Structure formats: C-alpha cells, structure tokens
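Read-outs: derived from the displayed coordinates by stated rules, not from any lab. Remember, predicted model here, so these are calculated numbers, not experimental data. Here the Cβ is made from the backbone with ideal geometry for all residues, glycine too, and neighbour counts use every protein chain on show.
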Amino acid sequence: MPGSVYVIGFLSRYADCLGLDPEVIVAQYKSEQGCMKVEGSHGRNRFVPASEVKELGVTVTPKTFIIILISVAILTLGGYIGWQIKKFSEPPAITILAPVEDVSTNKEITIKGQTAETAKLTINGQSVEVTSDGMFSQVVGISRGVNTIEIKVANSVGRETVKILKIFGDFSAVEQSLDQSTEDSMSL
C-alpha cells in the first residue's frame, strides 16, 4: 500500500462517499496500523503480527460441542442407571403407624404400617397383604408379659428390613376388674 498519508486521504474520501463518518474510519485505521509489520527482503514481503497473538485455552468447534454433548448424555444415562440399580437393590423402608404405645391391656393389637407396594411382608412369620398404596394392617394376639413381634419386609431381590416390636401385655388390671364385676353379679 502507499504511504500512510495517501491511505488516510483515500479512506476519508471513500467513507464520505459511503456516507460514513471519515473521522471514525481514520481513527480505526490508525488504531490497527501497528498490528502488522512487513518482513522480508528481495521483493518478497510478508505480513506478520506485530505482537504474538495469544490463543484461547479452549476452542469450541462443532466437533468439540458434539463430544461434550455425547459425554454429558452418557454421564446422565450412567447416573440414572446407577440410581435405579441402587433403588432396586436397597432394602425396602417400613413405617409402623400402630401400635403407638408399647403396653396393651387388650389380648389383641392391630399392627398398621406402610412399605413399598411390591414388598413381601410377614408378621411373626405369617404373610400379610400389602395394598396398592403400600399400607398394611394385621391383628395379632398377645399374651401376658413381654411379646416380641417381628415385622419383616423383603423386596423382589431378597433384600429385607426387619423391625422388632416389644409389646407388654398388662391384663392384670382388666382381669381384676372383670373378676370384681363377676363377683358382684354373682352376689346379687
């Protein structure tokens, strides 16, 4: 290109013809003028950057984007499968809703609770039906003193959860009142 004065004049007139502000165009040219320098000899000139251009650490190309997208999809799928395996193989949870107290004056108690709807439930070795919402209820007879009730729930792969209830059967107060009422009725 010719000398800088000629280039500035050309750019001013050309910007004016295009309806652009010549001062802005000339200022842009002057700011970019030091970006390149000419090297070479014997008529073989070559333009090289005046300073080293630093490359970005990561260049996102369509190929890189696709690799990242596939990696995220694989990790998500692997995480989901792992979560499902863990959920499938862990022992089922069980919540006992009744009895609330560990002392009973009745000879029968009702055990109520909730577990997984697909679980197999036994109370003291007897199978108990679980409803579609996971609820169960079973009447169990108890005797005087400490009664141990084993509630066992197992999933389809055999993992199980066991809860032990200790219920104290205290019938002495009830039996004494029944005996007293029987004696009173006999004396009449």
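Overview of results
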quantity: Whole-Hz couplings from phi, Karplus 6.51/-1.76/1.60, listed for region 9-23; x for Gly and Pro; calculated: x, 4, 5, 5, 5, 5, 5, 5, 5, 7, x, 9, 6, x, 5
quantity: Gain on full stretching of the segment that runs from T110 to R13 - 0.36 nm per residue minus C-alpha separation; calculated: 24.9 nm
quantity: Linear extension gain, Y6 paired with F168, 0.36 nm per residue minus alpha-carbon span; calculated: 47.4 nm
quantity: Virtual spin-label span in nm between S71 and Y29, 7 Å along Cα→Cβ; calculated: 4.7
quantity: Extension gain from D133 to S156, taking 0.36 nm per residue of separation minus the Cα-Cα distance; calculated: 6.6 nm
quantity: FRET efficiency for R144 and K86, using Cβ-Cβ distance with R0 set to 41 Å, rounded to 0.05; calculated: 0.35
